[in-house]
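Visitor: Below you'll find the structure I mean.
The values are calculated or read from the model by the stated rules, or taken from the named source; none is laboratory data. Only a predicted model underlies this, so the values are computations on that prediction, with no experimental measurement involved. For neighbour counting, all protein chains shown are included, and Cβ atoms are generated from backbone atoms with ideal geometry for every residue, glycine included.
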Amino acid sequence: MGNLLEIKNLHASVEGKAVLKGINLEVKAGEVHAIMGPNGSGKSTLSKVIAGHPGYEVTEGSILYEINFQMKDLLALSPDERAKEGVFLAFQYPVEIPGVSNFEFLRAAFNSVCKHHGTPEMDEPSFREFLRKKMEIVNMKEDFIERAVNTGFSGGEKKRNEILQMAVLSPRLAVLDETDSGLDIDALRVVADGVNRLRSKDNAIILITHYQRLLDYIAPDYVHVLAGGRIIETGDKTLALKLEERGYDWLLQN
Amino acid sequence: MSSDRNAAIGLDTNYKYGFVTEIETETVPRGLNEDIIRMISSKKNEPEWMLEYRLKAYRHWLTMTEPTWAHVKYDPIDFQDIIYFSAPKKKGEGPKSLEDLDPELLRTFERLGIPLAEQKRISGVAVDAVFDSVSIATTHQEELKKYGVVFCSISEAMHTHPELVKKYLGSVVPYTDNFYAALNAAVFSDGSFVYVPKGVRCPIDLSTYFRINASETGQFERTLIIADEGSFVNYLEGCTAPQRDENQLHAAVVELIALDDAEIKYSTVQNWYTGDKEGKGGIYNFVTKRGKCQGRNSKISWTQIESGSAITWKYPSCILLGDGSQGAFYSVALTHDYMQADTGTKMIHIGKNTKSTIISKGISTGYSRNTYRGLVKIMPSATGARNYSQCDSMLVGDKCTADTVPYIEVKNETAVVEHEATTSRISEDQLFYLESRGLDREAAISMLVNGFCKDVFKQLPLEFSVEAVKLIEMKLENSVG
């Protein structure tokens, strides 16, 4: 099987400051990649660049993404076009949208993707039914439907909402930016369980995390260490255990 | 049915109202003096006391000067260059009936989405159709009569209910109130009159549709609504005008009176022509709207969606006189291109335990200016008064401005007054969040704005609220790009 995502020599900066300094990464459908690394290494920047945040400038390199069996220039697409093609970012800090209910937000997003692919949009009753089933995956309470997006949500609810959105949109490439941070062990289990249920041979997941504990629940195929804007080490899940035990220093000294 | 109802207040997604009706009219000569006022009064066949009232107002107006404190800019208006009365020519002298109307007028209102003919009219809402200076038809009168509800043009009410008109006209907005109120009292043409008797819940919504057609003509609407003890009425108002390069003046006065335990809900969707992309033309909407909660536990609420007019100067207010009375003001004001809006409310607490709520949402785009101006005044007598105000402004783009000018005067120490205000530029983080879920920029902006206005939209009757959302979306689509 070919690659779903190919990142080549990616350099990116924020407000003129270079953060990514030559990232290379290939991801195939069906794979789960964990990206770990110390604070400020560029993990979140990488996720924002993949999703197309306008505040991040790509200064060199490319990101190719498979659309209709062809590798296309992902950077040429606007954020909403990327989403419609199946790229999803679970935000580290999900944004509050006051006055907009989760229901109308999720339905608008879902239908926008359907429209793009020429599949029928869902009316309110069928979407309500569809959403209920997805809500079970992350254990969301009924009243969630009418609440405003992320407004007044606890940290755990916000993170579960990200996974719910992922379940609704069924992306081909999901980037989870520190979805585990700030979660207690029960919430972590719910989130990890949700991710595992959405994992399939057709989609790929990039997990950005500080902690090995998430990887106890979601077993990655690869673990990468990002430091100073470059991937300095790649291994299997045992690398994460090693990092847990020894920290990052032994790698940085090389 | 809902789309019919929405058309009844001028809610539609494109400004397809910009057309002109070719019709024979009778007008008075250009300019303003006592003879013109006598002429207007006689054309309307008014009682002598009405003419006297107009002349007093006119003489007072001459002593006044135009207000200049609002945050709006425009060239001085030449009040001698306006035609103060224009009405479609009547065929006969007989009583007003649809048969007497020029078929062109019926076609005009049909095109605006408001069929007036008996067999076609919209169910569930009675419409008073005002064309330039006169009311041409009021539907559902028979049905309303069964409940004792009076809904007709104010010109008609002067003859049929002179005691009520005499008693209440000018009782809430006296002609001495302000420059435009005085002008309106002198030259007002038509508008609606509503009386809901004791204990009656008006069985259908009442609505007035104001249409400006003639050029160089001002429209001076006058509306008077009286809700007697324990009654309830839901009133809706819509307005449109042709697209023209010159500015036209609309100076209305609306007075509401609620007696003991009565409730009036007044909703406006203002969609006058705004002028073109360069700010040429459009309506000057200089309006005085005020309600008096005269009785104990009476309630008045104003809900307005202000999305039209080149300039808006409008402060729908409540005088909370009766003990335990409640006033509310819910407003969405959207300005785009070169529009200017200075709008807000006044809540005057006089009675004990009176309550008021103000929710104002201003959205500015393009080069527009959008000001919220509000007054909350607690008089010494208003023991236990409470007010809650929330005034939020949202800026879309970086060429527009938003100002919030709240005045608070508290003269009774038991009062509780809360004021919250925010001004924000539309947030890039929110936009990116929505975009990253597959919504394009336009859809994302529109979703954010609708969320921002939610607290006001939910005050509108359901179908109107759905259409108000569409109207705002359409306006944003044309102005954000």
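Visitor: Can you find even one residue in the range A:217-231 that is on the phi > 0 side of the Ramachandran plot and at pLDDT below 90?
Guide: The answer is no; no qualifying residue exists.
Visitor: Output the qualifying pairs, or none if there are none: Cβ atoms under 7 angstrom, residues six or more apart or on different chains, first residue in the range A:98-125 and at the interface with another protein chain (Cβ under 8 Å from one of its Cβ atoms) and under 9 Å from A:Val149 (Cα atoms), second residue in a helix (DSSP H, G or I) and among the acidic types (Asp, Glu).
Guide: Hits for this filter: zero, empty list.
Visitor: Tell me whether the range A:3-14 contains one or more residues that are facing another protein chain (nearest Cβ under 8 Å) and basic (Lys, Arg).
Guide: So far as the range A:3-14 goes, no, none of its residues is facing another protein chain (nearest Cβ under 8 Å) and basic (Lys, Arg).
Visitor: Let me ask something else about it. Would you say B:Val149 is crowded, with 21+ Cβ neighbours inside 10 Å and over 25 Å from B:Thr240 (Cβ atoms)?
Guide: yes
Visitor: Can I ask one more? Quick one: is B:Thr68 in contact (Cβ under 8 Å) with a residue 24 or more places away in the chain, more than 15 Å from B:Ser189 (Cβ to Cβ), out of contact with any His (no Cβ under 8 Å at 6 or more places or on another chain) and assigned to a loop (DSSP other than H, G, I, E, B)?
Guide: Taking the combined requirement at face value, the residue does not satisfy it.
Visitor: Quick check on this structure: which one of B:Val196, B:Val200, B:Val233 is among the hydrophobic types (A, V, I, L, M, F, W, C), surrounded by fewer than 21 Cβ atoms within 10 Å (Cβ to Cβ), closer than 20 Å to B:Asn297 by Cβ and at pLDDT 90 or above?
Guide: The conditions single out B:Val200.
Visitor: What is the number of the single condition among (1) surrounded by 18 or more Cβ atoms within 10 Å (Cβ to Cβ); (2) more than 12 Å from chain B (Cβ to nearest Cβ); (3) within 24 Å of A:Glu26 (Cβ to Cβ) that A:Phe153 does not meet?
Guide: Only one criterion is unmet by A:Phe153, namely (3).
Visitor: Something else: Where residues in the range A:67-86 are at the interface with chain B (Cβ under 8 Å from one of its Cβ atoms) and crowded, with 17+ Cβ neighbours inside 10 Å, which of them is nearest to B:Ala443 (Cα to Cα)?
Guide: A:Asp80
Visitor: In the range B:100-143, which residue that is more than 22 Å from the chain's Cα centre (by Cα) and modelled with pLDDT under 70 is surrounded by the most Cβ atoms within 10 Å (Cβ to Cβ)?
Guide: In this case the residue turns out to be B:Arg121.
Visitor: Looking only at residues that are assigned to a strand (DSSP E or B) and either of a type in the set (Val, Ile, Thr) or at positive phi (or both) in the range B:394-408, which one is surrounded by the most Cβ atoms within 10 Å (Cβ to Cβ)?
Guide: Here the residue is B:Thr404.
Visitor: Moving to a separate point now. Going residue by residue through the range A:103-110, is there one that turns out to be surrounded by 15 or more Cβ atoms within 10 Å (Cβ to Cβ), of a type outside the set (Gly, Ala, Ser) and in contact with a strand residue (DSSP E or B) (Cβ under 6 Å, 6 or more places away or on another chain)?
Guide: Yes, that holds for at least one residue.
Visitor: Tell me which residues, restricted to the range B:409-424, are outside any loop (DSSP other than H, G, I, E, B) and polar (S, T, N, Q).
Guide: B:Thr422, B:Thr423, B:Ser424
Visitor: Which residues, taken from the range B:16-44, are touching a helix residue (DSSP H, G or I) at 6+ places or on another chain (Cβ under 9 Å), closer than 19 Å to B:Phe131 by Cα and basic (Lys, Arg)?
Guide: Scanning the range B:16-44 gives B:Lys16, B:Arg30, B:Lys44.
Visitor: Pull up the range B:410-435, narrow it to residues that are among the acidic types (Asp, Glu) and more than 25 Å from B:Lys355 (Cα to Cα), then point me to the one that is farthest from the other protein chains (Cβ to nearest Cβ).
Guide: B:Glu428
Visitor: While we're looking at this one, here's another question. For the condition at the interface with chain B (Cβ under 9 Å from one of its Cβ atoms) and more than 11 Å from B:Ser436 (Cβ to Cβ), what is the one hit in A:Gly55, A:Gly37, A:Gly61?
Guide: A:Gly55 is the lone residue from the list that is at the interface with chain B (Cβ under 9 Å from one of its Cβ atoms) and more than 11 Å from B:Ser436 (Cβ to Cβ).
Visitor: Going through the range A:134-155 one residue at a time, which ones are farther than 13 Å from B:Arg437 by Cβ and touching an Asp or Glu at 6+ places or on another chain (Cβ under 7 Å)?
Guide: The one that is farther than 13 Å from B:Arg437 by Cβ and touching an Asp or Glu at 6+ places or on another chain (Cβ under 7 Å): A:Thr151.
Visitor: Still on this structure: Tell me which residues, restricted to the range A:26-66, are within 14 Å of A:Leu10 (Cβ to Cβ), of a type in the set (D, E, K, R) and surrounded by fewer than 20 Cβ atoms within 10 Å (Cβ to Cβ).
Guide: Those that are within 14 Å of A:Leu10 (Cβ to Cβ), of a type in the set (D, E, K, R) and surrounded by fewer than 20 Cβ atoms within 10 Å (Cβ to Cβ): A:Glu26, A:Glu57, A:Glu60.
Visitor: From (1) part of a loop (DSSP other than H, G, I, E, B); (2) out of contact with any strand residue (DSSP E or B) (no Cβ under 7 Å at 6 or more places or on another chain); (3) away from chain A (no Cβ under 14 Å), pick out the condition that doesn't hold for B:Glu477.
Guide: Evaluating B:Glu477 over (1) part of a loop (DSSP other than H, G, I, E, B); (2) out of contact with any strand residue (DSSP E or B) (no Cβ under 7 Å at 6 or more places or on another chain); (3) away from chain A (no Cβ under 14 Å) leaves (1) as the failure.
Visitor: In the range A:87-97, which residue that is surrounded by fewer than 24 Cβ atoms within 10 Å (Cβ to Cβ) and either within 7 Å of chain B (Cβ to nearest Cβ) or of a type in the set (Phe, Trp, Tyr) (or both) is farthest from the chain's Cα centre (by Cα)?
Guide: Step by step, filter the range A:87-97, then rank; the result is A:Ile97.
Visitor: Does the range B:443-459 contain at least one residue that is within 14 Å of chain A (Cβ to nearest Cβ), crowded, with 22+ Cβ neighbours inside 10 Å, at pLDDT 95 or above and over 28 Å from the mean Cα position of the chain (by Cα)?
Guide: no
Visitor: In addition: Test each condition in (1) over 26 Å from A:Gly2 (Cα atoms); (2) under 18 Å from the mean Cα position of the chain (by Cα); (3) crowded, with 17+ Cβ neighbours inside 10 Å for A:Leu226 and report the one that comes out false.
Guide: For A:Leu226, the exception is condition (1).
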